[in-house]
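The values are calculated or read from the model by the stated rules, or taken from the named source; none is laboratory data. Please read all numbers here as calculations on a predicted model, not as lab measurements. With ideal geometry, Cβ positions are generated from the backbone for all residues, glycine too; neighbour counts draw on all protein chains shown. Just the protein is used for accessible areas: all its heavy atoms, side chains included, with ligands, DNA and RNA removed. Shrake-Rupley method; radii C 1.70, N 1.55, O 1.52, S 1.80 Å.
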Amino acid sequence: MKTIKLRAGKERSLQRRHPWVFEGSIAKGGGDSGETVRLESTEGEFLGWAAFSPQSLIRARVWSFDEAERIDAAFFQRRIAAAIAVRARLPIASNAMRLIHGEADGLPGLVVDRYDDVLSVQFSSAGTERWKPVIADALLAATGLTRIFERSDANVRALEGLPEVRAWLRGDGPTERTIQEHQWQLTLDVAEGHKTGYYLDQRDNRKKFADTVRQYGCQRVLNCFSYTGGFSVAALAGGATDVTSVDSSGPSLARATAHVALNGFDPAHHKALDADVNATLRQALQNGERYDAIVLDPPKFAPTAAHAERAARAYKDINRLALKLLQPGGLLFTFSCSGGIPPDLFHKIVAGAGLDAPADGFILDRVGATPDHPQTICFPEGEYLKGLLILKR
Ligand code: SAH
């Protein structure tokens, strides 16, 4: 067993059960890609069993803080079974859910989403890559399913020196699935969809949007960064009669249009607009358009804190435009899924947008990701999705 000795003082975050060791924290030692190593303080005190990542800035990710625990097939079976068992107790209104959420489930670099009877899995660290066959077997055993599609195509793979993979890992067959979310039916393709196929973390916020649209009697709704129209279907379910989905991905919009029909809504109540959101908001303002509700759910503008400043300007801009476009009494449901933008900063950005618009509003709700994408108390980086539901005054 290889040992990694940390520099003096660098043991503290591990003692607080934070699972990452950065390159600069290591005094000596190394290992092969994904190899299990023993982490020690300068005094030789045991800190954790970790997977070594020779190419990543995050040089090691902890599997276990328990010296007596062995990192073997049984370890992965236990962690996977525990993650699935807790999902069974969480309020998840769908047959599609995140079964493993990386660090939060004690499996750094592993994301497993279940879409009906197919698992869509992302291995994004050297450690999960090394244990891939063991993890795949454990997942099938724990779920009783037979098919796993691998979506190891996120750009973080490159940081670990790993190639992209997008293929069946176990079983095969159609990659298209229909899932049930709250009272809606939605389709996705595990091979082609964003992330592992769909944005499961917004499930309950879509339901909240439907309820709010109904509560406030919103008719005219603009769903920005709509992807396949989840919030648009929600708006129609809430009684909206004029809903526009805006996205720059044509195939996603085609699916949004199909979702309107699939859920029995009048196609005349929905428009799909293949366009840039920023340009669309500016044009709408010029045309004197007004909306009763606007959703802003942009992609990650700030993957890390280093991008926060530029991202802040981008968030502020779209929020300012959206606040201007709302009727008095209109609703803004605004999100950031950037790990680099903490909730208090996001609130400040939206406050700045309000000042510039100018517009004020009541914060009706502060929301996060669905409970199958848990945050843990020892891993603050796990908090990424935050949203504000605002009623414009
Ligand atoms: N709200 C969606 C998820 C949005 S993900 C849901 O509930 O499922 C972000 C979306 O923004 C992606 O579909 C991407 O295609 C789109 N996108 C990214 N940049 C864009 C831009 N500048 N203009 C329009 N759409 C954009």
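The long axis of helix 73-87 is offset from the longest Cα principal axis of the chain by roughly 30 degrees.
Of all lysines in the structure, those lying under 18 Å Cα to Cα from K392, and not within fewer than 8 positions of it along the same chain, are K208, K316, K324, K348.
Relative protection proxy for 265-273, 206-214, from highest mean packing down: 206-214, 265-273 (other beta-carbon atoms within 10 angstrom). For the chain, with all protein chains present and a 1.4 Å probe, just round the carbon and sulfur fraction of the accessible area to a whole percent. That fraction is 52 percent. Annotation: peptides 235-247, 275-287, 43-55, ranked by per-residue average of other Cβ atoms within 10 Å with the highest first, follow the order 235-247, 43-55, 275-287. Highest average first, the peptides 320-328, 363-371 ordered by how many other beta carbon atoms sit within 10 Å of their residues are 320-328, 363-371. The simple spin-label model puts a point 7 Å past each Cα toward its Cβ; for V86 and R7 those points are separated by 3.2 nm. Kindly provide the GluC sites (Glu not before Pro) of segment 135-237 that DSSP labels as loop, not H, G, I, E or B, and whose Cβ sees at most 15 other Cβ atoms within 10 Å. Sparse-neighbourhood loop GluC sites (Glu not before Pro): E164, E192. For segment 206-349, the spread of Cα coordinates along the three principal axes comes to 44, 34, 29 Å, biggest extent given first. Summing +1 for each Lys or Arg and -1 for each Asp or Glu among the other residues whose beta-carbon sits under 12 angstrom from that of L296 gives 0. Its convex hull of Cα atoms gives the chain a direction-averaged projected area, equal to a quarter of the hull surface, of 19.1 nm².
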